[in-house]
Amino acid sequence: MHKGYVDHTVREIVFHAEEVTYRCEVWKFPGGSRHVAPLPPEVATGREQYGPGVKALVIMLYYRCQSMIGRIVSMLNDVGLDIFARQVRRFLTTDAGGIGAEQQGVPGAGMETASWINVDDTGARHKAENGYCTAIGNDL
C-alpha cells in the first residue's frame, strides 16, 4: 500500500547560458527620423551583447578567484556562451566601473593609513634577487 512521498530539499546551481531578448520601442517622426529606445545601461554592447550577469561573473572570477582570462573564456564557452578574450578584457578594463583602478589603489591606501608597516625577508629568490613580503596593518 502506497504511503505517500517524502520531500528532500537540496541546494543546486544551474549554470548555463541564456538568451534574453530586449524589446526596444521604435518611433518614426513626421520628419522621417527614427528613434530606437536604448538598451539598459548595464547591458554591454559591441559586436556581441552580454548581460550584467556575465559581466559580474567575469569580474568576480578574475579579481576574487584570480582566474586567468583564458580560463574564464574556456569556462564560459563550455556552458554555451560564445565569448572571446577581447570581450573579457573589455569587461575588466573599460566596462568594470573602476574596479581595476580600485584594486591598484589598495596598496597605496594601506601605506597612507596604516600605523605600522612590516617588511619580512622571505628568502625566496626571483630573477636572482631575494624576495620580501610587505604587511600593512593598524594597531589594535
> Within the group SER33, SER67, which residue is under 30 Å from VAL106 (Cα atoms) and modelled with pLDDT of 85 or more?
Replying inline: SER67
>> Could you check segment 1-23 and list, in sequence order, the residues that are at pLDDT below 90 and not aliphatic (A, V, I, L, M)?
In response: GLU12, PHE15, HIS16, GLU18, GLU19, THR21, TYR22
> Out of segment 1-30, which residues are in a loop (DSSP other than H, G, I, E, B) and closer than 22 Å to GLN49 by Cα?
Replying inline: VAL14, PHE15, HIS16, ALA17, GLU18, GLU19, VAL20, THR21, TYR22, ARG23, CYS24, GLU25
> Using beta carbons and a limit of 6 Å, which pairs, at least six apart or on different chains, have the first residue in segment 31-42 and farther than 17 Å from LYS55 by Cβ and the second one among the charged types (D, E, K, R)?
Replying inline: ARG34/LYS28; ALA37/GLU25
>> Just to be sure before I move on: is ILE69 free of Cβ contacts under 8 Å to residues at least 40 places away in the same chain, touching a helix residue (DSSP H, G or I) at 6+ places or on another chain (Cβ under 7 Å), surrounded by 10 or more Cβ atoms within 10 Å (Cβ to Cβ) and under 23 Å from THR93 (Cβ atoms) in the structure I sent?
In response: yes
>> Quick check on GLN87: is it at pLDDT below 75, surrounded by 12 or more Cβ atoms within 10 Å (Cβ to Cβ) and polar (S, T, N, Q)?
In response: no
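The values are calculated or read from the model by the stated rules, or taken from the named source; none is laboratory data. Predicted model only: the values in this text are computed from it and were never measured. Every residue, glycine as well, gets a Cβ built from its backbone with ideal geometry; the counts of neighbours run over all protein chains shown.
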